[in-house]
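The values are calculated or read from the model by the stated rules, or taken from the named source; none is laboratory data. Treat the numbers as computed from the prediction; the structure is a model and nothing was measured. Because the Cβ atoms are built from the backbone with ideal geometry, glycine has one as well, and the counts that use them run over all protein chains shown. What goes into the accessible areas is simple: the full protein's heavy atoms, side chains included, and nothing from ligands, DNA or RNA. Shrake-Rupley method; radii C 1.70, N 1.55, O 1.52, S 1.80 Å.
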Amino acid sequence: MIERYSRQILFDGIGEEGQRRLLGSRAVIIGCGALGTAQAEALARAGVGRLRIVDRDFVEASNLQRQTMFTEQDARERLPKAVACVNHLALINSEIDAESLIADVNYSNVESIIEGCDVVMDGTDNFATRYLINDACVKHGINWVYGAAVGSYGVTMTVRPEVSPCLRCIFEEAPPAASAPTCDTAGVIMPVISVVAAVQVSEALKLLTGRVEHLHRSLMQFDVWNNEWRRIKLSERSPDCPTCVLHRYEMLDAETGDFVTALCGRDAVQVNPRRLAQVDLPALAKRLSAAGEVQLNPYLLRLRAGPYELTIFKDARAIIRGTDDVPTARSLYAKYVGT
Ligand SMILES: [Zn+2]
């Protein structure tokens, strides 16, 4: 241990005691895209003892420009991102315990996903999931680190329930979809991801080693193209915050959520059936072989049918590419997977 982590132990802020704490800690990373892979690699190298990597998607060629952990082979094999990430983590640090979870995070599973962890890292790409994480973390008193990046701009803040403002204290409502730039319209460059993830991971290390006096306590914003760096100090919680003051967990309790959602910048729609189901992928592959070209790996099945490409996971979730139209996606799902 001393050898592997020696440079980090030499660093005053961590030391032997801090390292021992990191090895005994558990972090959950929700969303394993650009931010999530950067966080996962850094936390694994730092020796955070247990990592849970959660993601709903699979690796594609268009990810490789910024999702630094993935390789062309991951994209060719269409590995689920959580699985590909954990495979690489095992090569980076075999002494920690990293677990993959292929799942869409929603009201029904978010609390069990974060249960027992010391910190939750935001690697998602949408406000709906962030509000859900905020609800669940405030409810269970778990620290979490918000982060987002689009274009050359990035932002991050750290939420400590009962201590600091929460996400809804700062952003009471999600920005309207049409007004906020998304990866659909703006794209994103890797350097801003590196900056945001670096600050997020630094905050996680401070939280996990108990050095909370070093937390930045602000909304940090960066624009690496226009050379702007801003830090807005955060002090009080909003006196009527529904989440952290009134303890109304609206996102958790709504028991709704978009079970059919268009995916950011993908020309794709995710269909997530409400009923719990297990799909026998090899049997489905056989049944669909007449409908188009089928490719199967242990985690998912891909069907190319005309202009569409359906990726079906074991839990009956599907990502349908070639359309961003929800009704079209629903009918394709009904046709090939069932209702
Ligand atoms: Zn709040």
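Couple of notes before you dig in:
- Single unsatisfied condition, Glu293 versus (1) among the charged types (D, E, K, R); (2) within 16 Å of the ligand (Cβ to nearest atom); (3) exposed (fewer than 12 other Cβ atoms within 10 Å of the Cβ): (2)
- Within the range 143-157, the residues that satisfy the criterion of being under 20 Å from Leu51 (Cα atoms) and either open to solvent by 20 Å² or more (accessible area, probe 1.4 Å) or away from the ligand (no atom under 16 Å from the Cβ) (or both) are Asn143, Gly147.
- Among the residues of the range 209-231, those that are away from the ligand (no atom under 16 Å from the Cβ), within 20 Å of Glu162 (Cα to Cα) and in contact (Cβ under 8 Å) with a residue 12 or more places away in the chain comprise Thr209, Gly210, Arg211, Val212, His214, Leu215, His216.
- Filter result for Leu51 (at pLDDT 95 or above, farther than 22 Å from Val195 by Cα and of a type in the set (A, V, I, L, M, F, W, C)): no
- Conditions (1) within 15 Å of the ligand (Cβ to nearest atom); (2) open to solvent by 10 Å² or more (accessible area, probe 1.4 Å); (3) within 16 Å of the chain's Cα centre (by Cα); (4) in contact (Cβ under 8 Å) with a residue 60 or more places away in the chain; number of the one not met by Ala103: (1)
- Taking the listed residues Arg230, Arg237, the one that is part of a strand (DSSP E or B), under 17 Å from Tyr146 (Cα atoms) and charged (D, E, K, R) is Arg230, with no other qualifying.
- Here Ala27, Ala34, Ala42 are screened, and the one residue that is closer than 13 Å to Gln200 by Cβ and either open to solvent by 50 Å² or more (accessible area, probe 1.4 Å) or in contact with a Cys (Cβ under 7 Å, 6 or more places away or on another chain) (or both) is Ala27.
- Residue, farthest from the ligand (Cβ to nearest atom), within the range 133-142, restricted to residues that are crowded, with 24+ Cβ neighbours inside 10 Å and more than 24 Å from Arg21 (Cβ to Cβ): Asp135
- Test: residue in the range 234-252 that is of a type outside the set (D, E, K, R) and more than 16 Å from the ligand (Cβ to nearest atom): no
- Considering the range 213-227, and only residues there that are assigned to a loop (DSSP other than H, G, I, E, B) and over 21 Å from Ile142 (Cβ atoms), the residue that is nearest to the chain's Cα centre (by Cα) turns out to be Val224.
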